[in-house]
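The values are calculated or read from the model by the stated rules, or taken from the named source; none is laboratory data. Model, not experiment: these values are computed from the prediction. A quick note on method: Cβ atoms are made from the backbone with ideal geometry, for glycine too, and the neighbour counts reach across all protein chains shown.
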Protein chains: 2
Amino acid sequence: MSLIVVGSMAFDAIETPFGKSDKIIGGAATYIAWSASNFTKPIRQISVVGGDFPKEELDILEERGVDLEGVQIKKDEKSFFWSGKYHMDMNTRDTLETQLNVLGTFEPFVPDSFQDSDFLILGNLSPAVQLSVIDQLKERPKLVVLDTMNFWMEVALEDLKKVLLKVDVLLVNDSEARELSHEFSLVKAARKIMTMGPKYIIIKKGEHGALLFHEDNVFFAPALPLEEVFDPTGAGDTFAGGFMGHIARTKDISFENMKTAIIVGSAMASFCVEKFGTQRLREITKEDIDKRLMQFQELVNFEIELV
Amino acid sequence: MSLIVVGSMAFDAIETPFGKSDKIIGGAATYIAWSASNFTKPIRQISVVGGDFPKEELDILEERGVDLEGVQIKKDEKSFFWSGKYHMDMNTRDTLETQLNVLGTFEPFVPDSFQDSDFLILGNLSPAVQLSVIDQLKERPKLVVLDTMNFWMEVALEDLKKVLLKVDVLLVNDSEARELSHEFSLVKAARKIMTMGPKYIIIKKGEHGALLFHEDNVFFAPALPLEEVFDPTGAGDTFAGGFMGHIARTKDISFENMKTAIIVGSAMASFCVEKFGTQRLREITKEDIDKRLMQFQELVNFEIELV
């Protein structure tokens, strides 16, 4: 079913303990589209790039069923650029450089042909931009999913609170959940955030997996234990794309199906970290995905016998 | 089936961000016995205490099916004492005081009646003491499980390596696995440790759950997301007791059954942290345990559908 993806399409330059990338393709909406397009189409992309963004990158996404009518190309400007360096534990990183470029003045536009979309995922962006997309939609999608980050909690908390009132699912990592709720316990944090709008809270814990909260229910998906995490950039967006892609494919927004969607997201993220940038996502087949989903089942399934 | 538990029986004084305990009952073998005795008997305890250790504590363990013939009581000496303070994240702690007392000269003795035991769990103690127990057993138990800690890797690595050659399952936490293997990746760490003796490696990650490795197989058990972790002291030992207790009850040392044993261990640990010391373990019933096991199933079970 139709899915709108909103977010950055950009360049990244990444250093990890294992190596250093050139300036490569990145951006939240890029990762989400690469991931979700394994499961559903059309994907309706809303973003902005500069004249420096390679046409081949847009073409290849189009071939995968991504409709780019909502992607503004500002020929005389440059695409958003981020450069960062990961520490040995791969859970922490330093930003070396951020060039907002086209993202600094981004005013998202929802084309008419994107109205009536079934699902909406708002990748990490300024809450004002996220809100603008929601407000432009004449009909509310069946499920609205929001990603955000600590930066917006610090500089645009009031806007963020307004967006939270309009979404169904919030994706944050553990430190962001703590910052937003002022609660250390993730259980308490999720409960508090559920009073701020979203009925479902997904707390991503990187290599320690992800938790899904809804009312009094909680579900946990592990991360696949990997020999090497090569580059974690985009793993959260890839997770979000797998989650949303599965929901859009199955058209089922029940809590039970969200559990599976979180496993799908975790499986997709486990590919993402195996190589720099989107490289691994470009290689994998449906067979690879199925195989990995089976690995997740092996990883957590057990027979229970009561005492 | 019969299970030998070796380890300390001691006093602890604990400070957490939530409060401060008096001098309370602790020790690895105490927690293991409290936990395992929900599942199996007889438990054959090998330990040492001073004249200050309360008789009622020994009596109550005996009532639970713990045979104390292997517990030496040194009337004129004092029991081992540890005092520590947890930081806000409850994953790190400072030791405030350690008084070895009776543990400083502990020479474990395996009574004749403990020969022919089916299972053996060696709680965290000096590797020389652990080795002595193994060597006193005329017949090798069906499964030997070893817990240890970073301290022994630093002061008694050669002894530890000798013990490792004689055990089936090693229990360590993530930082200990890294220290022992000199590998950062836990997958690589487990693989390396498997060449040092144990065929099964359990890596405990505290609030982030536990991993079980065997050959090329891996299984993950989450920790139950709790509103409050009140006191983590003894959680690892309680986990070990639940694991070993389940194995002893089912007499099944297959990898499949170890998965369930790890879930049982995680369930028991989730009770332990709810109150100071062994307090919560003294309160729970079989019904509470069954209910919690069902919660673990809810927490991780999902329906898979391939793409």
Checklist outcome for this item: The condition of being within 23 Å of A:L58 (Cα to Cα), surrounded by 21 or more Cβ atoms within 10 Å (Cβ to Cβ) and out of contact with any helix residue (DSSP H, G or I) (no Cβ under 6 Å at 6 or more places or on another chain) holds, among A:G245, A:G277, only for A:G277
Checklist outcome for this item: Those residues of segment B:230-271 that are of a type outside the set (S, T, N, Q) and at the interface with chain A (Cβ under 9 Å from one of its Cβ atoms) come to a total of 7
Checklist entry - Limited to segment B:15-39, what total is found for residues that are surrounded by 21 or more Cβ atoms within 10 Å (Cβ to Cβ) and either at pLDDT 95 or above or basic (K, R) (or both)? => result 15
Next on the checklist: Among the residues of segment B:33-53, what is the count of those that are part of a helix (DSSP H, G or I) and farther than 25 Å from B:T105 by Cβ?
Outcome noted: 3
Checklist entry - Within segment B:175-192, which residues are more than 10 Å from chain A (Cβ to nearest Cβ) and not aliphatic (A, V, I, L, M)? => result B:S175, B:E176, B:R178, B:E179, B:S181, B:H182, B:K192
Checklist outcome for this item: Given (1) in a loop (DSSP other than H, G, I, E, B); (2) surrounded by fewer than 15 Cβ atoms within 10 Å (Cβ to Cβ), B:M90 misses just (2)
Checklist entry - Of all the residues that make up segment B:277-304, how many are in a loop (DSSP other than H, G, I, E, B) and β-branched (V, I, T)? => result 4
Checklist entry - Could you say whether any residue in segment A:281-303 is within 10 Å of chain B (Cβ to nearest Cβ), in contact with an Asp or Glu (Cβ under 9 Å, 6 or more places away or on another chain) and either touching a residue at least 40 places away in the same chain (Cβ under 8 Å) or surrounded by fewer than 18 Cβ atoms within 10 Å (Cβ to Cβ) (or both)? => result yes
Next on the checklist: Could you go through segment B:85-92 and let me know if any residue there is out of contact with any His (no Cβ under 9 Å at 6 or more places or on another chain) and among the basic types (K, R).
Outcome noted: yes
Item to check | Residues of segment B:190-245 satisfying the condition of being more than 18 Å from B:F271 (Cβ to Cβ) and under 13 Å from the mean Cα position of the chain (by Cα) | outcome: B:I202, B:I203
Checklist entry - Does B:I25 meet the test of being of a type in the set (V, I, T) and not in a strand (DSSP E or B)? => result no
Checklist entry - Residues A:G19, A:G26: which one is touching a Phe, Trp or Tyr at 6+ places or on another chain (Cβ under 8 Å) and on the phi > 0 side of the Ramachandran plot? => result A:G19
Checklist outcome for this item: Of the candidates A:D59, A:D76, the one satisfying the condition of being without any contact (Cβ under 8 Å) to a residue 40 or more places away in the chain, in a helix (DSSP H, G or I), more than 14 Å from every other protein chain (Cβ to nearest Cβ) and over 30 Å from B:E183 (Cα atoms) is A:D59
Checklist outcome for this item: Just one listed residue, out of A:E274, A:E227, is at the interface with another protein chain (Cβ under 9 Å from one of its Cβ atoms), in a loop (DSSP other than H, G, I, E, B) and of a type outside the set (K, R), and it is A:E227
Checklist entry - Of the residues B:D252, B:D231, which is touching a strand residue (DSSP E or B) at 6+ places or on another chain (Cβ under 6 Å) and either among the acidic types (D, E) or surrounded by 24 or more Cβ atoms within 10 Å (Cβ to Cβ) (or both)? => result B:D231
Item to check | Residues that are within 19 Å of A:N150 (Cβ to Cβ), outside any strand (DSSP E or B) and at the interface with another protein chain (Cβ under 8 Å from one of its Cβ atoms), drawn from segment A:206-222 | outcome: A:H208
Checklist outcome for this item: In segment B:62-73, anything free of Cβ contacts under 8 Å to residues at least 24 places away in the same chain and surrounded by 17 or more Cβ atoms within 10 Å (Cβ to Cβ) is listed as B:L68
